[in-house]
Amino acid sequence: MDLYVEGAPIADRATPDGPIETRWERRQFSAKLVNPANRRKLSVIVVGTGLAGGSAAATLAEAGYRVRSYCYQDSPRRAHSIAAQGGINAAKNYRNDGDSVYRLFYDTVKGGDFRARESNVYRLAQVSANIIDQCVAQGVPFAREYGGLLDNRSFGGTQVSRTFYARGQTGQQLLLGAYQAMERQIAAGTIEMFARHEMLDLVVVDGRARGVVVRDLVTGEVSTDIADAVVLASGGYGNVFFLSTNAKGCNVTATWRAHRKGAYFANPCYTQIHPTCIPESGTHQSKLTLMSESLRNDGRVWVPKVAGDDRAPGDIPESDRDYYLERIYPAFGNLVPRDIASRAAKNVCDEGRGVGPGGLGVYLDFAGALERLGRPAVEEKYGNLFEMYQRITGEDPYRVPMRIYPAVHYTMGGLWVDYDLQSTIPGLFVIGEANFSDHGANRLGASALMQGLADGYFVLPNTINDYLAAGPFGDIAADHPAVASARQAVSERLAALLAVDGDRTVDSFHRELGHVMWEYCGMERTEEGLTKALGLIRGLRDEFWARVKVPGTGAELNQNLEKAGRVADFFELAELMCIDALHRRESCGGHFRAESQTADGEALRHDDEFGYVAAWEHAVERPVLHKETLDFAYVHPSTRSYK
Ligand SMILES: Cc1cc2nc3c(=O)[nH]c(=O)nc-3n(C[C@H](O)[C@H](O)[C@H](O)COP(=O)(O)OP(=O)(O)OC[C@H]3O[C@@H](n4cnc5c(N)ncnc54)[C@H](O)[C@@H]3O)c2cc1C
C-alpha cells in the first residue's frame, strides 16, 4: 500500500518496569519535584475546560503554577463534558460484588479488545477510587441509597455494579465540581481564564511546545501566548461524522494543529458507535441524542422475530419477540459492551427486523422494569432521560418502548502520549478524550469521565513536574521567528478561507463529509469502501477549498469562519482515519473490518500482525506509521466472549 510509509517503532519510555501494582507509585517517586517557591515562576497553558482540562487547571493552580486556561465556549462550565449522562466507574467495591482494582483493570483491557497499554489501564483503575473521594469532598451530589451510602449501577462489559451517578446528569455535576475548583483559583489570581478563544496553532521553539496561537472569537484578534508547558484537553473528534452525540462545537483543530507540528496521532480509526441513541429522523438534523447506557440496566432490547412485522410493539406478543442480546450473549445480556451491542443492532436491522421509520431502530423496553419496580422508582433513576426522549420523539417511554439506533459517540484515537501523558513534542501534554490512551479499540461505558478526571486531578499534576523541574525555559519574544511564523500562518489560513468566496455553505460540506465517513468508515469497514472513501474525501476537500462560502470578515464574531477552519481540519483527519482503518486489516473493538470476522460474525483480531498502537507522524507527502508494540503480561489476549 503506498498510502503511507513505515517509520521506526515507537516506545513508551516513561513506564517503570516491574510489578504493575507499584508502577504508578514508583513513577511518582522517581519523577522530579518542583519546590513550591519555584512553581510560581512556571507557567502552564491548558486548552480545554471540560472534566480533563478543568480538573487539571484547578489542580496545577492549587499546586502553585501560573495557569492560563482557554476554551471556545462563553463559559468554562459549558464544555461538552456537561452532557455526560450515565455515570463514572470506580473500583470501590461498595456492593461487595467481587469488584477490585484488578477486575476494573481486567474488564477495561478486555473491553478495549487488547489494544490498550496495560500500565496505563492499571493506573486508571487504581486512581478511580480517589476520584470519587475527591468529588464527594467537593460536594458532587452522587445518587445515594436509602441509608445514605453512595449508590451504584452497572454499565456494559462488566458483571459488577461500579458506576457512580447523579441521575442522568453525572457529567454536569462533576463539571460543576471541577468548575468551582477552577473558579476558586481564578478568584485567587492563579488561573487566568480566556473564554471564547480558540487555539488555532501550537508554537514549538527549539523542539519544545512553548505556546499557542489563539483567535479571540468576539473581536477576531489573533495573538500568541507563551508558557513553559502546554496541556491539550480539547476533547474528541466524533463530529468528523457530522451527526454524532457530541456537542456541535466539538472538533479536532487543537490536536490536529499539534499533529501538524510534530505530535503523533494514534489509532485515529478507533471510533465508538453507541448502541442507544435516538434514531435519525430526517435530513434536517444536525445532531443525534444519546439515551444513556445506564438505561440498559433495566430496559430490554428486542425486535420482532419476523422481518417486516409492522405491528405496534404492544400488539406483538412475547412469543413473537426476539430479545436478541439476551439470546446471543446470555452472560452479559443487555449489558454487553457498546461495540457488540451496536453491531448486533445493525445485524437485526440488516435482516429487515428493524423498527420505526426506515427500519433503522430496535426497541428498548421498560415494561418489565415498570412492573417490577413501579413508576416512581424508574422515574427516580431515569426521569430526565425519559423526559428528554419524550420531548424529542413525542412518544411516552412509560407507555411504549423507546426506539434506539447506534450513533457515533466517542473517539478512542487521539494524540499519542507516553505514561506521563506527554506527546512526542516535549512539553506538550495531552489529557482526557484528546489523547489515545487507556481505552484501546473500544471504551467501556462510564470510563471516559473516569479517565478525564484521573488525568486531570491525579496523573498530569504529578508527571508534569518531572518536565517542569528543568524550567523555566526562558522568555520568548513575540517576534521570535517560530512565534511570528505560527501567528502569520494562522492569519493566512483564515484569510484563505474567507477569500474562496464560493457558493456552498460550510455545513453542506461537513454534512457530505460526515455521510462519506458514516457510510465507509462507520460501523462496518471494507477495503473497497475505505478506498472509495479516500477518493471521495480528497475530491470533496478540493471542492471545499474552491467553493466554500464564508460570509463576513475575520475581524468580528464569525461562526461560519470558526466552522470553516474546523471542517478544513476534519477533511485532513478523515483521510488519516481511512488510511488507519485500511492498514488495520483486522477487526478489533469499534473497528470492524467485514473481511475479518468469525463464522458467527464476531470481530476477529490478528494479534501477531496488529498487536500495536498505530502512531502516525504528519508528513507532506504521506503519513509515517510508527508502531508501539503492546505487551500483555497480565491480561492475556483471548477471544472476547460475552456469551
Ligand atoms: C451525550 C454524551 C454522554 C456521555 N455520557 C458519559 C457518561 O455517562 N460517562 C462517561 O464516562 N462518559 C460519557 N461521555 C463521554 C464524556 O462525556 C467525554 O468523553 C468527556 O466528557 C470528554 O471530556 P474532556 O474534558 O476530554 O473534553 P470536553 O468536555 O469535550 O472539553 C473540551 C474542551 O476543550 C475546549 N477546546 C476544544 N478545542 C479548543 C480549541 N481549539 N481552542 C480552545 N479550546 C478548545 C472546549 O472549549 C472545551 O472546554 C458522554 C458523551 C456524550 C456525547
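The values are calculated or read from the model by the stated rules, or taken from the named source; none is laboratory data. Just so we're clear, the structure is a prediction, and the values are computed from it rather than from any experiment. Reconstructed Cβ throughout: ideal geometry from the backbone, glycine too, with neighbour counts over all protein chains shown. Surface accessibility is based on the protein's heavy atoms, side chains included, excluding ligands, DNA and RNA. Shrake-Rupley method; radii C 1.70, N 1.55, O 1.52, S 1.80 Å.
Miscellaneous remarks
- Taking a straight line from the alpha carbon of Lys248, these aspartates and glutamates sit under 17 Å away, with near neighbours fewer than eight places off in the same chain left out: Asp74, Glu198, Glu280, Glu433, Asp507, Glu512, Glu562, Asp569.
- D (Stokes-Einstein, µm²/s), Kirkwood Cα radius, segment 328-479, 0.890 mPa s at 25 °C: 126 µm²/s
- By average C-beta atoms within 10 angstrom, highest first, the peptides 452-464, 379-391: 452-464, 379-391
- For segment 202-321, the direction-averaged projected area of the alpha-carbon convex hull comes to 12.5 nm².
- Three semi-axes of the equivalent ellipsoid, segment 175-247, Cα gyration tensor, whole Å, largest first: 22, 21, 14
- Label-to-label distance, Ser641 versus Thr553, with points set 7 angstrom from Cα along the beta-carbon direction: 6.9 nm.
- Computed over segment 66-224, Kirkwood Rh from alpha-carbon pairs, angstrom: 18.2 Å
- Solvent-accessible heavy-atom area per residue, rounded to whole Å², over the chain at 1.4 Å: 37 Å²
- The Cα-based radius of gyration of segment 144-266, divided by its Kirkwood radius, gives an Rg/Rh of 1.06.
- Within a straight-line Cα-Cα reach of under 16 Å, Lys92 cannot be paired with any lysines, leaving aside sequence neighbours fewer than 8 residues apart in one chain.
- Translational diffusion of segment 515-643, µm² s⁻¹ [Kirkwood Rh, Cα pairs; Stokes-Einstein; 37 °C; 0.692 mPa s]: 191 µm²/s
- Contact order normalised by residue count of the chain, Cα under 8 Å, 6+ apart, percent: 22 percent
- Looking at the chain, the DSSP beta bridges with both ends there are about 70 percent antiparallel.
- Taken over the alpha carbons of segment 275-409 as equal point scatterers, the Debye sum produces base-10 log I(q)/I(0) values at 0.16, 0.20, 0.21 Å⁻¹ of -0.79, -1.29, -1.43.
- Straight Cα distances below 12 angstrom link Lys305 to the aspartates and glutamates Glu318, Asp320, Asp322, Glu351, with same-chain residues fewer than 8 positions distant left out.
- For segment 275-409, averaging the sequence separation of C-alpha pairs within contact (under 8 Å, six or more residues apart) and dividing by the residue count gives a relative contact order of 34 percent.
- Evaluated over segment 1-104, the Cα radius of gyration and Dmax, each in Å: 19.5, 55
- Listed peptides 190-200, 18-28, 292-302 by packing density, highest first (mean Cβ within 10 Å): 292-302, 190-200, 18-28
- Remark on the chain: ratio of C-alpha radius of gyration to 2.2 N^0.38 Å is 0.92.
- Where only alpha carbons of segment 1-45 are counted, the Rg and the Dmax (Å): 18.1, 55
- Segment 502-643, accessible surface, carbon-and-sulfur percent (1.4 angstrom probe): 49 percent
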